[in-house]
Amino acid sequence: MIRFPIPPMSPIASRNVAVIGAGAAGLIAAHELRQEGHKVVVFERETQVGGTWLYMPDTESDPIGIDPARNVVHSSLYASLRTNLPREVMGYRVFPFVAKKGADRDQRRFPCHSEVLEYLKDFARDFGIYELVRFGIEVNKVELTEEGRWNVKSRRIEGKDQEKLDEVYDAVVVCNGHYTEPRLAEIPGIESWPGRQIHSHNYRHPERFQDQVVVLIGSANSAADISRELSGVAKEVHISSRSMEDGNEGKLAGYDNIWLHPMIKRVHGDGSVAFLDGKVVSADIILHCTGYKYHFPFLETNGIVTVDDNRVGPLYKHIFPPALAPRLSFVGLPWKVVPFPLFELQSKWIAGLLSGRLLLPCPKEMMAEVEDFYASLEAYGLPKRYTHNLADYQFEYDDWLASKCGCPPIEEWRKQMYADTSKRKRSHPETYRDQWQDEHLRLQAEDDFLKYLA
Ligand code: FAD
């Protein structure tokens with residue numbers, strides 16, 4: 001039986017911390033925790049670091065990811081993916097993502113996915129993170145102990161050796177990523193629609209869409225990239241999106257075979273797909289580019305942390321459940337952000353709070369703030385699933401964390417470069433990765449990086 005509130009932690013100390021995941025979030029969390037003097041173990045299911053950036057050619061047995069017995073593939077990268085942020089913006093602050101020489105390196109400003117993987121490997125090597133990672137080990141249970149610590153159960157997932165571990169840690173930092181469990185659009189009539197469905201999680205190459213009529217649902221980065229890639233092979237591509245503005249429907253400028261539509265109204269047993277504006281097409285495939293669900297199958301918190309309509313809550317500053325802070329934390333939940341620097345600041349704050357060098361408000365105050373935040377979302381008419389969407393205030397959030405940690409705010413050039421890129425991405429989706437006008441910002445970034453590269 002767990003007693004609440006959980007016992008307080010002793011002041012100023014080094015803790016034993018388990019980090020779950022060695023993607024971009026787990027790697028920087030491990031670094032910041034160790035910098036603060038904690039003893040860190042990183043659990044990683046795969047045999048390499050990188051998480052999402054570890055491209056996996058294989059796809060899942062269920063292309064829409066609803067069969068719980070399917071083989072789960074972690075990464076959602078497609079073969080042609082290039083970053084949607086310039087490398088200067090994207091990298092950790094402490095380890096700028098600069099172009100490296102070498103036959104296997106991509107020196108472009110918006111490089112291909114394998115270059116991001118190489119960057120993360122470089123970081124893990126240069127910062128001595130490899131020695132903290134247990135590869136091929138999956139965490140399958142994280143439970144509170146009576147003393148308010150965490151019982152972490154893990155197992156080796158491959159090979160004859162079915163090693164199982166049962167250990168106790170002072171704190172757990174969850175960095176398991178949130179781009180693996182597909183979210184699907186709800187489509188009336190889908191049970192009797194005869195075509196194929198696939199989620200972008202299982203999209204790798206366009207070839208299997210040859211000569212097909214595809215309805216692609218979504219409007220985010222993957223939808224923009226994949227629809228254009230498909231137009232080269234598919235017969236027709238129909239993009240259906242919630243954000244389609246009235247009057248913009250019709251052919252996409254510059255393409256003969258891409259059409260824009262509002263949401264799907266209904267699909268029918270004869271293969272037709274009817275949109276809200278009354279247009280109807282006969283389609284072979286529906287491709288869901290509709291995002292992902294937060295999923296923590298290993299986490300047992302006696303109902304303190306829940307996922308409700310994709311809100312992970314209650315969480316103070318998207319990181320700490322007030323009743324379990326700072327012993328349980330999440331790095332990387334926010335979306336529509338620049339992820340790596342945000343992970344870095346979240347991790348720095350967590351590390352300082354765990355050692356007792358920094359302080360949190362009391363659980364009651366944190367909870368009151370979380371409730372105010374939820375009420376403000378509701379007042380704006382935003383559904384729970386937008387809780388971790390930081391699009392309108394990501395840099396404010398970063399700078400708040402930076403001030404708590406006593407480090408400088410996000411660089412002005414980075415904020416400006418992000419804003420410029422977002423604008424260019426909207427106005428020139430085909431060319432924004434190779435043509436730009438923010439050379440002055442790039443030079444400022446290079447100048448700034450000198451202090452880390454010395
Ligand atoms: P992940 O990279 O998913 O890492 C999580 C790790 O946890 C994985 O290694 C996984 O194996 C491990 N794990 C999970 N569960 C367990 C367990 N139970 N036990 C042990 N290990 C476990 N960001 C950008 O900055 N720029 C981009 O251009 C960009 N493009 C993207 C394109 C796509 C298609 C997607 C899906 C994402 C993109 N992102 C981009 C966002 C990207 O996800 C983040 O940049 C970042 O890589 C996420 O890191 P993470 O560590 O939070 O999660």
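Would you mind telling me which numbered condition in (1) at pLDDT 95 or above; (2) within 28 Å of residue 332 (Cβ to Cβ); (3) in a loop (DSSP other than H, G, I, E, B) residue 225 fails? Here residue 225 clears every test but (3). Residue 128 falls short on exactly one of the conditions (1) on the phi < 0 side of the Ramachandran plot; (2) more than 13 Å from the ligand (Cβ to nearest atom); (3) of a type in the set (Gly, Ala, Ser), and that condition is (1). Residue under question is residue 325, and the condition is that it be more than 16 Å from the ligand (Cβ to nearest atom) and in contact with a Pro (Cβ under 9 Å, 6 or more places away or on another chain); does it hold? Criteria met by residue 325. For residue 332, work out the one condition from (1) among the small types (Gly, Ala, Ser); (2) touching a helix residue (DSSP H, G or I) at 6+ places or on another chain (Cβ under 6 Å); (3) away from the ligand (no atom under 12 Å from the Cβ) it doesn't fulfil. So residue 332 meets the others, but not (3).
In the range 428-454, the residues that are exposed (fewer than 11 other Cβ atoms within 10 Å of the Cβ) form Cβ pairs under 8 Å with partners that are of a type in the set (A, V, I, L, M) and part of a loop (DSSP other than H, G, I, E, B), at six or more places apart or across chains, as follows: 453/98.
Of everything in the range 61-71, what is hydrophobic (A, V, I, L, M, F, W, C) and exposed (fewer than 15 other Cβ atoms within 10 Å of the Cβ)? Give them in sequence order.
Narrowing the range 61-71 to residues hydrophobic (A, V, I, L, M, F, W, C): 64, 66, 69.
Within the range 61-71, 66, 69 qualify.
Restricted to the range 335-358, and to residues that are of a type in the set (D, E, K, R) and surrounded by fewer than 22 Cβ atoms within 10 Å (Cβ to Cβ), which residue is nearest to the ligand (Cβ to nearest atom)?
Within the range 335-358, the match that is nearest to the ligand (Cβ to nearest atom) is 336.
On the stretch given as the range 287-312, residues that are more than 16 Å from the ligand (Cβ to nearest atom) and under 17 Å from the mean Cα position of the chain (by Cα) total 2. Can you pull out the residues in the range 101-121 that are within 11 Å of residue 50 (Cβ to Cβ) and of a type outside the set (Ser, Thr, Tyr)? Answer for the range 101-121, where residues must be within 11 Å of residue 50 (Cβ to Cβ) and of a type outside the set (Ser, Thr, Tyr): 113, 116, 117, 118, 120, 121. Tell me which residues, restricted to the range 228-260, are part of a helix (DSSP H, G or I), in contact with a Pro (Cβ under 6 Å, 6 or more places away or on another chain) and more than 18 Å from residue 282 (Cβ to Cβ). Selection gives 229 alone.
Counting only strands (runs of 3 or more DSSP E) wholly contained in the range 94-207, the ones carrying 2 or more residues that are farther than 30 Å from residue 326 by Cβ and modelled with pLDDT of 95 or more occupy 196-199.
A quick yes/no check of all residues on (1) surrounded by 15 or more Cβ atoms within 10 Å (Cβ to Cβ); (2) touching a strand residue (DSSP E or B) at 6+ places or on another chain (Cβ under 8 Å); (3) among the aromatic types (Phe, Trp, Tyr):
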{"residue": "308", "(1), (2), (3)": "no, no, no"}
{"residue": "320", "(1), (2), (3)": "yes, yes, yes"}
{"residue": "323", "(1), (2), (3)": "yes, no, no"}
{"residue": "328", "(1), (2), (3)": "yes, yes, no"}
{"residue": "331", "(1), (2), (3)": "yes, yes, no"}
{"residue": "360", "(1), (2), (3)": "yes, yes, no"}
{"residue": "366", "(1), (2), (3)": "yes, yes, no"}
{"residue": "385", "(1), (2), (3)": "yes, yes, no"}
{"residue": "389", "(1), (2), (3)": "yes, yes, no"}
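Filtering 17, 89, 49 for residues that are farther than 20 Å from residue 119 by Cα, at pLDDT 95 or above and β-branched (Val, Ile, Thr) leaves a single hit, 17. Number of residues in the range 408-444 that are within 24 Å of residue 346 (Cα to Cα) and at pLDDT below 95 equals 0. Per the conditions (1) near the ligand (Cβ under 10 Å from one of its atoms); (2) surrounded by 22 or more Cβ atoms within 10 Å (Cβ to Cβ); (3) of a type in the set (Asp, Glu), the sole criterion not satisfied by residue 46 is (2).
Could we say that residue 402 is buried (at least 19 other Cβ atoms within 10 Å of the Cβ) and either aliphatic (A, V, I, L, M) or touching a Ser or Thr at 6+ places or on another chain (Cβ under 7 Å) (or both) here? Before the answer, list the steps.
Values: buried (at least 19 other Cβ atoms within 10 Å of the Cβ): yes; either aliphatic (A, V, I, L, M) or touching a Ser or Thr at 6+ places or on another chain (Cβ under 7 Å) (or both): yes.
Criteria met by residue 402.
Among the residues of the range 74-105, those that are free of Cβ contacts under 8 Å to residues at least 60 places away in the same chain, within 30 Å of residue 232 (Cα to Cα) and surrounded by fewer than 19 Cβ atoms within 10 Å (Cβ to Cβ) comprise 103, 104, 105. Residues in the range 72-109 that are within 10 Å of the ligand (Cβ to nearest atom) and more than 18 Å from the chain's Cα centre (by Cα): 97 only. The sole residue among 179, 130, 169 that is more than 20 Å from residue 329 (Cα to Cα) and hydroxyl-bearing (Ser, Thr, Tyr) is 130.
Scan the range 28-43 for residues that are out of contact with any strand residue (DSSP E or B) (no Cβ under 8 Å at 6 or more places or on another chain) and either near the ligand (Cβ under 9 Å from one of its atoms) or at negative phi (or both) and jot them down.
Start the filter on the range 28-43 by keeping residues that are out of contact with any strand residue (DSSP E or B) (no Cβ under 8 Å at 6 or more places or on another chain), which leaves 28, 31-32, 35-37.
Within the range 28-43, 28, 31, 32, 35, 36 qualify.
Pairing each residue of the range 40-51 that is of a type in the set (Lys, Arg) with any residue that is modelled with pLDDT under 95 and more than 8 Å from the ligand (Cβ to nearest atom), provided the two are 6+ apart or on different chains, yields C-beta distances under 7 Å for 45/157.
I'd like to check something: does the range 272-285 contain any residue that is free of Cβ contacts under 8 Å to residues at least 24 places away in the same chain and closer than 28 Å to residue 422 by Cβ? Yes, there is a match, as at least one residue in the range 272-285 is free of Cβ contacts under 8 Å to residues at least 24 places away in the same chain and closer than 28 Å to residue 422 by Cβ. Against the test of being out of contact with any strand residue (DSSP E or B) (no Cβ under 8 Å at 6 or more places or on another chain), at pLDDT below 95 and either outside any strand (DSSP E or B) or closer than 12 Å to residue 216 by Cα (or both), the options 278, 269 yield a single qualifying residue, 278.
The values are calculated or read from the model by the stated rules, or taken from the named source; none is laboratory data. Quantities reported herein were computed from a predicted structural model and do not represent experimental measurements. Positions of Cβ are backbone-derived with ideal geometry, glycine not excepted, and every protein chain shown enters the neighbour counts.
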